[in-house]
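Throughout, read-outs are computed from the coordinates displayed, never taken from laboratory work. Everything numeric here is computed off the predicted structure, so don't read it as measured data. Every residue, glycine as well, gets a Cβ built from its backbone with ideal geometry; the counts of neighbours run over all protein chains shown.
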Amino acid sequence: MVKLKNELTGPRVFVALGNQNEKIHLTGGYAKPEKNKSICGTDLAGKTIVDARDIAPREGYQDSKLWCLRCLHLLSYEALDQIILFSSVSMEKVGTYGAVVVIEHLERPRKYKTHPFNLTPVPEKSEWRIFERD
Ligand SMILES: [Zn+2]
């Protein structure tokens, strides 16, 4: 597995929902492309795997107590466009995931003056998502 910490776009992260009292785990991304286990290694059998865009940035999912903190920690190794979806998750006393992880991620090239952001190469033209006019 290649972890490109500064990459701006990367494979989609998914949210794994179990029963109401279970922590929400993450899967997909670079860490678990096959989505058979969570990023933290938990078996996901019986859980509903949902595109993070439909859960993570939404009202009602902002309390970090709902989330697996190991998964949220490991999420910081995923691409920025995936991390940013979790910006509004709020950790008591520490601040939002955005303040703690996203800003840190954005400041990295400036802080260390070494790694510019890596942009992924342009996909094959046949893979472009071209807007179809009516
Ligand atoms: Zn987890």
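Below are the figures for this structure:
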{"quantity": "The range 30-134 - charge dipole about Cα centre, Lys and Arg +1 at Cβ, Asp and Glu -1, debye rounded to 20", "calculated": "380 debye"}
{"quantity": "Neighbourhood charge, 14 Å Cβ-Cβ cut-off, centred on G41 and excluding it, Lys, Arg +1 and Asp, Glu -1", "calculated": "+4"}
{"quantity": "Largest-first principal axis extents of the Cα set of the chain (Å)", "calculated": "43, 42, 35"}
{"quantity": "Estimated vicinal HN-Hα couplings, Hz - the range 11-16 in sequence order (Karplus 6.51, -1.76, 1.60; Gly, Pro = x)", "calculated": "x, 5, 9, 10, 10, 10"}
{"quantity": "Using θ = phi - 60° and Karplus 6.51 cos²θ - 1.76 cosθ + 1.60, couplings along the range 47-60 (whole Hz; Gly, Pro as x)", "calculated": "8, 8, 9, 10, 3, 4, 4, 8, 10, 4, x, 9, 4, x"}
